[in-house]
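Chemist: Mind having a look at this structure? Questions to follow.
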Amino acid sequence: MNKRRDFLKNTALMAGASLVMGTAPLLASAREIHAGKGVMKLRFKPYTLQLNHVFTLATSSRSTTPVVLTELEYNGVIGYGEASMPPYLGESHETVMKFLAKVDLAKFDDPFEMENILNYIDQLEPGNRAAKAAVDIALHDLVGKIMKKPWYKIWGYDASTTPDTSFTIGIDTPEMIRKKVKEAEPYKILKVKLGRDTDKAMIETIRGVSDKPICVDVNQGWTDKAFALDMAHWLHEKGVVFIEQGMPKERVDDNAWLTQNSPIPTIGDESVQRLDDVLKAHQVYSGINIKLMKCTGMREAHRMLELGKALNMKIMIGCMTETSCAISAAAQLAPMVDWADLDGALLIGNDVYKGMDVVNGKITLNDQPGLGLKKIKNY
């Protein structure tokens, strides 16, 4: 057991080192080309996203999501960022604004010092992951724009290999479920929220009007492992592709048992927040769901992806309810994942940006630099 643990630890260290070494030379080269000194100016403002439908999960419901939109300017070039704060993250307009007000970028005169800048941001205070992501995303957009390349190209990814995105259907009445399935007609896979006593009725209602593949997100709603396994077999018969966070994250042994016995893959979500959690999730889940708001942004999400792949785990890239800014940031990783759930901007009625597009259900990246964003609305 100790040898195996050491092997996994060494695998993690090698994957992390490889990742840093893989990106650093490219940034160093770009830094030489774009050498110069300037002042980075961080601006931020609260905004509230309006959902098209009330969004109901196993434990809560909401019709809005607070976000804070950021801009990072350097020598006339502006990078866009975003913090999205669904309730379970424990962040709010107030906490994010308070954190960002403490950020002092005056000590950095070069945005290509990405490691130093983001290390400073991460160490400024514990927690505040969405707030940190807002700076990380804006910095990536800024550097990509200076380099005149989108991040998926900086990372060496092939845009043609992106997966389809799922379209999320929250817990609701049978009438509303059928309406939402109809609205999801352009999408090839449905993501269904479960975790209440209506789980089977939800799936049966959808199967009454659609035979599309389904993935389910239980949000820790199942508390008995035998019940969870029975549901896994039943869902498998109904054409479900995988189960996301079936049981409470604290129930490590029960989640591992479910994974070992389930006929379909399991994905850790609430249990996999940051890079350190990836190794802990190995052999507890079949795969991991990476979200920028959980892990402080694109830098750590990229490292989580590389480590997960080194451990032969399935990789999913997910999102909160977000504008096209954070969605387009996450989409830069999409060419390398098994599954994607990047529909957050499709669920709102007041997006601020246009960026990554969904064409016939497929995540479609553009060739514009940075995150490929265009501002379409003032805020």
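The values are calculated or read from the model by the stated rules, or taken from the named source; none is laboratory data. These numbers come from a predicted model, not from an experiment. Every residue, glycine among them, receives a Cβ derived from its backbone with ideal geometry; neighbour counts consider all protein chains shown. Accessible surface areas use protein heavy atoms only, side chains included; no ligands, DNA or RNA. Shrake-Rupley method; radii C 1.70, N 1.55, O 1.52, S 1.80 Å.
Chemist: With unit charges on the beta carbons (Lys and Arg positive, Asp and Glu negative) and the dipole taken about the Cα centre of the stretch 38-196, which residue among PRO126, LEU69, ILE189 sits farthest to the positive side?
Modeler: Towards the positive end, the residue furthest out is ILE189.
Chemist: Using Cα atoms only, what is the angle between the long axis of helix 252-261 and the major principal axis of the chain, expressed in degrees (0 to 90) to the nearest 10?
Modeler: 60
Chemist: Spin-label point model (7 Å from Cα, Cβ direction): what's the GLU115 to TRP234 distance in nm?
Modeler: 5.2
Chemist: Sketch the reach of a paramagnetic label on GLN260 as a point 7 Å from Cα along Cα-to-Cβ, and name the residues of the stretch 296-319 whose backbone nitrogen lies under 20 Å away.
Modeler: Backbone N within reach: 312-314.
Chemist: Something else now. At R0 = 41 Å, how high is the FRET efficiency between LYS45 and VAL209 if r is their beta carbon distance? Nearest 0.05 is fine.
Modeler: With a Förster radius of 41 Å, E is 0.50.
Chemist: Highest first, please rank the peptides 150-163, 236-249 by the mean number of other Cβ atoms sitting within 10 Å of their residues.
Modeler: Final packing ranking: 236-249, 150-163.
Chemist: Still on this structure: THR223 versus LYS37, label points 7 Å from Cα toward the beta carbon: distance in nm?
Modeler: With each label point 7 Å from Cα toward Cβ, the separation is 6.1 nm.
Chemist: Right, next: So, R0 is 30 Å and r is the distance between the beta-carbons of LYS182 and SER92; what FRET efficiency does that work out to, to 0.05?
Modeler: For LYS182 and SER92, the calculated efficiency is 0.30.
Chemist: Another question, then. Working from Cα positions, state the angle (0 to 90°, nearest 10) between the long axis of helix 174-183 and the longest principal axis of the chain.
Modeler: For 174-183 against the chain, the angle is about 50 degrees.
Chemist: Under 5 Å between amide hydrogens, which residues at least 5 positions from PHE242 or on another chain qualify, with H placed 1.01 Å from N in the peptide plane?
Modeler: The answer is VAL216.
Chemist: From the mean inverse distance of alpha carbon pairs (Kirkwood) and the Cα radius of gyration, derive Rg over Rh for the chain.
Modeler: Rounded to two decimals, Rg over Rh is 0.96.
Chemist: List the residues, sorted by chain then number, that are 5 or more residues from ILE169 or on another chain and whose placed amide H is less than 5 Å from its amide H.
Modeler: Amide H neighbours of ILE169, under 5 Å, 5+ apart: LYS191, VAL192, LYS193.
Chemist: In Å and from the alpha-carbon atoms only, list the Rg and Dmax of the stretch 211-327.
Modeler: Here Rg and the maximum Cα pair distance are 13.9, 41 Å.
Chemist: Ignoring ligands, DNA and RNA, how do GLU322, GLU175, GLU306 rank by accessible area with a 1.4 Å probe, largest first?
Modeler: GLU175, GLU306, GLU322
Chemist: Under a 5 Å amide H to amide H cut-off, with H placed in plane at 1.01 Å, what residues pair with LYS314 once short-range neighbours are removed?
Modeler: Long-range HN contacts for LYS314: GLY287, ILE288.
Chemist: Quick one: length gained pulling VAL359 to ASN75 fully straight, 0.36 nm per residue minus the C-alpha distance?
Modeler: Working it through step by step, the gained length comes to 98.7 nm.
Chemist: Helix 114-124 sits at what angle to the longest principal axis of the chain, using alpha carbons and giving 0 to 90 degrees rounded to 10?
Modeler: Its long axis makes an angle of about 70 degrees.
Chemist: Quickly estimate the mean residue ellipticity at 222 nm for the chain, helices only: each DSSP H run with n ≥ 4 gives -39500 (n - 2.57), and the total goes over all residues, rounded to 500.
Modeler: Rounded to the nearest 500, the figure is -12000 deg cm²/dmol.
Chemist: So, one more: Using the Karplus curve 6.51 cos²θ - 1.76 cosθ + 1.60 with θ = phi - 60°, work out ³J(HN,Hα) for each residue of the stretch 66-75 in order, rounded to whole Hz, and write x for Gly and Pro.
Modeler: x, 9, 10, 9, 10, 9, 10, 9, 8, 6
Chemist: Using θ = phi - 60° and the Karplus relation 6.51 cos²θ - 1.76 cosθ + 1.60, list the HN-Hα couplings for the stretch 324-331 in order, rounded to whole Hz, with x at every Gly or Pro.
Modeler: Result, rounded to whole Hz: 5, 5, 5, 5, 5, 5, 5, 5.
Chemist: Another one. In Å and on Cα atoms, what radius of gyration and Dmax does the stretch 117-261 show?
Modeler: Using the Cα atoms of the stretch 117-261, the pair Rg, Dmax is 19.7, 54 Å.
Chemist: Next up: Beyond 18 Å, what percent of the Cα pairs of the stretch 277-349 remain?
Modeler: Every Cα pair in the stretch 277-349 considered, those over 18 Å come to 33 percent.
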